[in-house]
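Following: one structure in structure tokens, then a few remarks.
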Amino acid sequence: MKTLLTVIFSLFAFTCSASGKTELMHANIDLSDNTSLKRGAEHYVTYCLGCHSAKHIRYLRIAEDFELNQDVVLKDIAPVGASIYDSMLSAMDKHDSNIWFGTVPPDLSLIARSRGSDWLYTYLKSFYRDDTKTHGTNNTLFKDVGMPNVLWKLQGQQIAHYTLEGENKVINSLSLERPGELSPSEFDVVVTDLVNFLEYVGEPAKLKRQQMGKYVLFFILIIGFIGYLLKKEYWKDIH
């Protein structure tokens, strides 16, 4: 029990330190937008799959759910040489990743369900220049994270502005010091599409489940009403 409590409090402390005081931004995602999901899958393979797997989703499932031809998925989304039946697996060697990042990059299949879409959206937009770090960047939402800003070419370089709270310097805001290849609004679309895709990967059947839920509730309501009428009919002579 003592060990269990230690683990729980350690995880709680880690979550608090990772989140800090950064206010989460709203991720305006839409799981019914197949165009956005396709773009998000393309961005994931381009910028994320080099380090992070999403092993619980296959390219075939993407083709079926996004209503895409399998050849289109292999051409536009899957890396060269991948099969339509393959899972989204990273080719990074675990030993190399430990040397480069100090840890093995986690599989992101369930990251949206674990962290939430707003957290992911805020995280991807909260990198800033920090010359004290190995990769030259840090993150206001996840302090001292080992991941570099893989989207920096698109976003540009942000710098942090600090205020004093007592004797401590606290980040007050971020501003764009050097523009990237995209405008802020264009970059926002990229991040939204990427988060939309990760939300889909966390539960590919979410839309179908929600749609089916309406019919289930309607069925329960009808059965409940019929049961109520039967109860009145059976018990009316008892009184």
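If we keep just the residues of segment 123-144 that are touching a residue at least 24 places away in the same chain (Cβ under 8 Å) and under 17 Å from TYR47 (Cα atoms), which is surrounded by the most Cβ atoms within 10 Å (Cβ to Cβ)? Please lay out each step first, then the result.
First, pick out the residues of segment 123-144 that are touching a residue at least 24 places away in the same chain (Cβ under 8 Å): 124-130, 140-143.
Now narrow it down to the ones that are under 17 Å from TYR47 (Cα atoms): 124-127.
On the way: LEU124: 24, LYS125: 20, SER126: 22, PHE127: 26.
Per the stated criteria, the residue is PHE127.
Just to verify a result, which residue in segment 158-201, among those that are among the hydrophobic types (A, V, I, L, M, F, W, C) and not in a helix (DSSP H, G or I), is nearest to TYR59 (Cα to Cα)?
Filtering segment 158-201 for residues among the hydrophobic types (A, V, I, L, M, F, W, C) gives 159-160, 164, 170-171, 174, 176, 182, 187, 189-191, 194-195, 197-198, 201.
Those still in the list that are not in a helix (DSSP H, G or I) too: 159-160, 164, 170-171, 174, 176, 182.
Values: ILE159: 38, ALA160: 39, LEU164: 49, VAL170: 43, ILE171: 41, LEU174: 37, LEU176: 36, LEU182: 28 Å.
Restricting to residues being among the hydrophobic types (A, V, I, L, M, F, W, C) and not in a helix (DSSP H, G or I), the top hit is LEU182.
Would you please name the residue that is farthest from the chain's Cα centre (by Cα), looking only at residues in segment 153-169 that are surrounded by fewer than 17 Cβ atoms within 10 Å (Cβ to Cβ) and within 19 Å of ASP131 (Cβ to Cβ)?
Among those residues, the one meeting the criterion is LYS169.
Filter segment 106-122 down to the residues that are crowded, with 19+ Cβ neighbours inside 10 Å and either farther than 25 Å from GLU23 by Cβ or more than 20 Å from the chain's Cα centre (by Cα) (or both) and list them by number. Can you show your working first?
Going residue by residue through segment 106-122, those that are crowded, with 19+ Cβ neighbours inside 10 Å are 108-109, 111-112, 115, 117, 119-122.
Result: SER109, single match.
Restricting attention to segment 76-90, and to residues there that are within 9 Å of SER53 (Cβ to Cβ) and of a type in the set (A, V, I, L, M, F, W, C), which single residue is surrounded by the fewest Cβ atoms within 10 Å (Cβ to Cβ)? Before you say what the answer is, go through the steps one by one.
Taking segment 76-90 first, the residues within 9 Å of SER53 (Cβ to Cβ) are 87-90.
If we keep only those that are of a type in the set (A, V, I, L, M, F, W, C) too, we end up with 88-89.
On the way: MET88: 27, LEU89: 14.
Looking at the filtered set, the residue picked out is LEU89.
Go through ILE84, ILE99, ILE57 for me and flag whichever is outside any loop (DSSP other than H, G, I, E, B) and over 19 Å from LEU194 (Cα atoms). Working first, answer last.
On the way: ILE84 fails: outside any loop (DSSP other than H, G, I, E, B); ILE57 fails: over 19 Å from LEU194 (Cα atoms).
One residue alone meets the criteria, ILE99.
Could you grab me the full set of residues in segment 170-208 that are under 19 Å from the mean Cα position of the chain (by Cα) and of a type in the set (Lys, Arg)?
Result: LYS206, single match.
Among the numbered criteria (1) in contact (Cβ under 8 Å) with a residue 60 or more places away in the chain; (2) in a loop (DSSP other than H, G, I, E, B), which one does ALA112 miss?
All conditions are met except number (2).
Read-outs throughout are calculated quantities, based only on the coordinates presented, and are distinct from any laboratory measurement. Note that the coordinates shown come from a computational prediction; the quantities given were computed from them, not determined experimentally. In this analysis, Cβ positions are derived from the backbone assuming ideal geometry, glycine residues included, and neighbour counts consider all displayed protein chains.
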